[in-house]
1. With a sphere of radius 10 Å drawn around the Cβ of ASN55, what net charge do the other residues whose Cβ falls strictly inside it have (Lys, Arg +1; Asp, Glu -1)?
2. Rounded to whole Hz and in sequence order, give me ³J(HN,Hα) for the range 70-86 from the Karplus expression 6.51 cos²θ - 1.76 cosθ + 1.60, θ = phi - 60°, writing x for Gly and Pro.
3. How much net charge surrounds SER33 when only the other residues with a Cβ under 12 Å from the Cβ of SER33 are counted, with Lys and Arg +1 and Asp and Glu -1?
4. Stretched out fully, how many nm does the piece from ILE18 to SER52 gain, at 0.36 nm a residue minus the Cα gap?
5. Taking H placed 1.01 Å from N in the peptide plane, check which residues at least 5 places from VAL132 or on another chain put their amide H under 5 Å from its amide H.
Amino acid sequence: MTDIVLVAGAGGVGKTTISAGIGVCAARAGKKSLVLTVDPARRLATALGLESLDNMPHPNPELSLLWAAMLNASASWEAIAHRHAPPEVADRLVTNPFFEAVATRFPAGAAYAAGEEMAEEVESGHWDLVVVDTPPSHGGIEFLNAPGQMKSFVGGRILRILTGGRVPGRNTLFDRAAKPALRLMDTVLGGELLEDIGDFLFDLRHTYEGIARRSQSIIHHLE
């Protein structure tokens with residue numbers, strides 16, 4: 001069984017240093033440990049004496065049981081798309097500019113990506129301990145709420161209104177209930193941009209079932 005430790009708090013309070021310290025202590029106690037961070041400032045790499053970090057776990061040269069990874073929101077969301085959508089849909093999603101906005105600018109995006117990666121590593125069975133240096137937040141609330149927020153966003157009322165009750169085909173028009181709003185959006189944004197948004201929403205709906213299942217899994221691991 002893999003134990004999980006979440007280190008949460010606002011930015012600049014020492015979360016990354018504490019996460020590294022927990023990982024070091026656990027490794028010295030004989031536990032194979034992974035420390036995950038979303039901090040792009042390389043603080044974890046510096047604290048653990050590593051030259052660089054990326055999405056893949058890297059071993060500590062002095063502690064064989066200590067590994068670390070730095071999550072990149074864009075790369076993590078590309079993996080999420082390929083994990084939960086058909087290959088051709090995932091390929092379209094990751095090249096759509098609106099997908100990048102969800103991955104990097106949606107408030108729950110980075111936190112949800114960290115939760116998915118945490119769940120993947122916990123379920124891999126490779127680790128005795130996974131330490132998560134959570135995204136900066138007030139008391140870790142964003143990280144804990146992210147699974148439910150992403151599930152609500154991808155399967156929420158707005159997407160259902162715009163794309164219909166079921167996952168639509170590529171040639172399906174927006175739901176009729178949204179026509180007045182879409183006419184206004186077409187006037188303001190222009191038809192080409194509106195079509196890009198529509199393509200993105202259609203494809204995003206394909207990830208709903210996978211994200212819903214994974215959200216429940218993340219919540220289960222955090223209970």
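Each value in this text was obtained by applying a stated rule to the coordinates, not by laboratory testing. This one's a predicted model, so the numbers in the text were calculated from it and none came from an experiment. Methodologically, a virtual Cβ is constructed for each residue, glycine included, from the backbone with ideal geometry; neighbour enumeration extends over all protein chains shown.
1. Values: positive: none; negative: ASP54, GLU78, GLU117.
Within the 10 Å Cβ shell, the charges total -3.
2. Result, ordered by residue: 10, 7, 9, 4, 5, 5, 5, 6, 4, 5, 4, 4, 6, 6, 10, 10, x Hz.
3. Values: positive: ARG28, LYS31, LYS32; negative: ASP3, GLU121, ASP128.
Result for the local shell: 0.
4. Working: separation 34, 0.36 × 34 = 12.24 nm, distance 1.89 nm.
That works out to 10.4 nm of additional length.
5. Amide H to amide H, under 5 Å and 5 or more residues apart or across chains, VAL132 pairs with VAL5, LEU6, VAL7, LEU36.
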